[in-house]
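Chemist: Sending over a structure as structure tokens; questions will come in a sec.
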């Protein structure tokens, strides 16, 4: 549960939203109580509560209270020789995820991963990607996004404009991609362009030398204005990836100011360190103008009532498609 200093901090700074990690979750009742407590701090029932619940290696909620889900690549590798079935099962998996999350009060899932991995890239993306081509990634990424939206949970497309070529894990180091702009546009940017209508996106802490030789996309005005807002055409709420990742340099106030100055609407800080959170909050102005409008538009995409859904039948269909491999 929240400590007294955490409650006081959140009440004072009024963050737009919150993100949960495995360290924050124990049981369904505990998570529901935590979500309620977080929203009470900001006195907003619709305050976004985010989580990374992809499946596979990135799943904050797991057994024994929540079922395991497959990584993105498992959907693309389904044995059925029918792309419509792969799309159906991807949507169904995301609809089940939304069912799990909505029951806890969590209304944003940092899915889908729209990165297109290169064979010689770092494995940080790997099987989190739905496929190996832009079309495969975009098709199944949209199916996942639609499943979440239908269940009352907002999707976050990531890591815009593409992490698939990176030869380093941005949690640990700054990746530098030297591909030509034409190659990036045709492969890396393409899935994001195909899902540019989505409400939320998360940046990549990656330098693309064809766009900006010095700064990663998160802190690059060139990358955000020319590529994310321009070539890709994304006009939803843009959030940074976690500011505490080692790909970024400078203290936390500097990282925050650089991300916002480059064009991020909001910044994400994930490790829960109070001193770092205070530094980020002190460097963050109140949400206003275009960023505030984008935030409101994103929350407006949450459906008032999820589509009709038979969870037991959906789980049976899902398990049959994967021949029981990911059964609870």
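The values are calculated or read from the model by the stated rules, or taken from the named source; none is laboratory data. In this text, all values refer to a predicted model and were calculated from it rather than measured experimentally. Cβ coordinates were reconstructed from backbone atoms using ideal geometry, including for glycine residues, and neighbour counts include every protein chain displayed.
Chemist: Only one of (1) in contact with a helix residue (DSSP H, G or I) (Cβ under 9 Å, 6 or more places away or on another chain); (2) surrounded by 19 or more Cβ atoms within 10 Å (Cβ to Cβ) fails for residue 286. Which number is that?
Modeler: (2)
Chemist: Next question. Restricting the stretch 309-328 to residues that are under 25 Å from the mean Cα position of the chain (by Cα) and in a loop (DSSP other than H, G, I, E, B), which is modelled with the highest pLDDT?
Modeler: 309
Chemist: Further question on the same structure: Residues of the stretch 209-235 being under 13 Å from residue 176 (Cα atoms) and out of contact with any helix residue (DSSP H, G or I) (no Cβ under 9 Å at 6 or more places or on another chain), which ones?
Modeler: Within the stretch 209-235, 209, 213, 214 qualify.
Chemist: List the residue pairs whose Cβ atoms are under 9 Å apart, where the first residue sits in the stretch 261-289 and is on the phi > 0 side of the Ramachandran plot and at pLDDT 95 or above, the second is surrounded by 18 or more Cβ atoms within 10 Å (Cβ to Cβ) and outside any loop (DSSP other than H, G, I, E, B), and the two are 6 or more positions apart or on different chains.
Modeler: 263/223; 263/224; 263/228; 263/238
Chemist: Give the residue, chosen from 180, 240, 196, 170, that is under 18 Å from residue 261 (Cβ atoms), touching a residue at least 24 places away in the same chain (Cβ under 8 Å) and either touching a strand residue (DSSP E or B) at 6+ places or on another chain (Cβ under 9 Å) or surrounded by fewer than 24 Cβ atoms within 10 Å (Cβ to Cβ) (or both). If you could, list the steps in order and put the result at the bottom.
Modeler: Numbers: 180 fails: under 18 Å from residue 261 (Cβ atoms); 196 fails: under 18 Å from residue 261 (Cβ atoms); 170 fails: under 18 Å from residue 261 (Cβ atoms).
From the options 180, 240, 196, 170, the qualifying one is 240.
Chemist: Let me ask something else. From (1) outside any loop (DSSP other than H, G, I, E, B); (2) crowded, with 20+ Cβ neighbours inside 10 Å; (3) over 16 Å from the mean Cα position of the chain (by Cα), pick out the condition that doesn't hold for residue 8.
Modeler: Looking at each condition in turn, residue 8 falls short on (2).
Chemist: Determine whether residue 214 is within 20 Å of the chain's Cα centre (by Cα), in a loop (DSSP other than H, G, I, E, B) and surrounded by fewer than 23 Cβ atoms within 10 Å (Cβ to Cβ).
Modeler: no
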